[in-house]
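Here's the structure we're looking at; comments come further down.
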Amino acid sequence: MSKYKLRKKILKIRKATNSNNITIDFSKVVNLIKKEKANKKNIGGYYPINYEIDDLEILKELEKRKFNISLPVVKKNYNMNFYKWSFNDPLKINKYGIPEPDIKELVYPDILLIPLVAFDKNLNRLGYGEGYYDRLIQKLDKRKKTLKIGLALSVQQTKKIPINKHDQRLDYIITNKYIIKWKFFF
């Protein structure tokens, strides 16, 4: 199945399944961070749209535990950067209708919470098709090792995601029912 057809199919399933805004247990994220000994405190999250898993409560709890929170800001040429953000800070709406930080203090997250449309058992991720996260992950990996955690509903898993050389694999995917770990993460 093509990426386009798969995306369309899974988005319809996600909308029907997540109309009540299913969340992921905060302890799953914290336990994973502890397990990986990710003592770094810079967390990159996202502002959920289009029935994505809502990570805002997770981010709120992490901020209470003194983690530095950041959100993406869309740039030209399908690029994005992460900027420091707190729940007390203002947000502005970008060209896609997504809230993003209004104050611009660039951050290079140690841990990324990543939304997705679909995924497979090999932790391949299908996004909306513009490659923002793939470009970001490539850029971050040149600077340092970043723990990449996808957040999804279990119904978003598919047998196989069609991938190309630019697609970036995640280290973990946490769903409302289970966690998948990439076997070669170090």
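Points worth noting:
- Among the candidates ASN81, ASN68, residue that is under 14 Å from the mean Cα position of the chain (by Cα) and either surrounded by 16 or more Cβ atoms within 10 Å (Cβ to Cβ) or of a type in the set (Lys, Arg) (or both): ASN81
- Filter pass, ARG14 being surrounded by 20 or more Cβ atoms within 10 Å (Cβ to Cβ) and within 14 Å of PRO115 (Cα to Cα): yes
- Given (1) more than 16 Å from ASN68 (Cα to Cα); (2) of a type outside the set (A, V, I, L, M); (3) surrounded by fewer than 19 Cβ atoms within 10 Å (Cβ to Cβ), index of the condition ASN88 fails: (1)
- Number of the condition not met by PRO162 [criteria: (1) of a type outside the set (Asp, Glu); (2) surrounded by fewer than 19 Cβ atoms within 10 Å (Cβ to Cβ); (3) under 19 Å from LYS34 (Cβ atoms); (4) touching a helix residue (DSSP H, G or I) at 6+ places or on another chain (Cβ under 9 Å)]: (3)
- Selected residue (criterion: nearest to ILE24 (Cα to Cα)) from residues of the range 131-186 that are part of a loop (DSSP other than H, G, I, E, B) and polar (S, T, N, Q): ASN176
- Given (1) surrounded by fewer than 17 Cβ atoms within 10 Å (Cβ to Cβ); (2) touching a residue at least 40 places away in the same chain (Cβ under 8 Å); (3) not aliphatic (A, V, I, L, M), index of the condition ASP171 fails: (1)
- Among the residues of the range 2-40, just one is of a type in the set (A, V, I, L, M, F, W, C) and free of Cβ contacts under 8 Å to residues at least 24 places away in the same chain, namely ALA16.
- Scanning the range 94-144 for residues that are crowded, with 21+ Cβ neighbours inside 10 Å and over 16 Å from the mean Cα position of the chain (by Cα) gives a single hit, PRO101.
- The range 104-160, residues that are within 20 Å of ARG7 (Cβ to Cβ), among the aromatic types (Phe, Trp, Tyr) and in contact with a strand residue (DSSP E or B) (Cβ under 8 Å, 6 or more places away or on another chain): PHE119, TYR132, TYR133
- For the range 27-55, the tally of residues that are crowded, with 16+ Cβ neighbours inside 10 Å and either of a type in the set (A, V, I, L, M, F, W, C) or closer than 24 Å to GLU105 by Cα (or both) stands at 15.
Values in this text are rule-based calculations from the coordinates and carry no lab data. Please read all numbers here as calculations on a predicted model, not as lab measurements. Glycine gets a Cβ as well: all are built from the backbone with ideal geometry, and neighbour counts include every protein chain shown.
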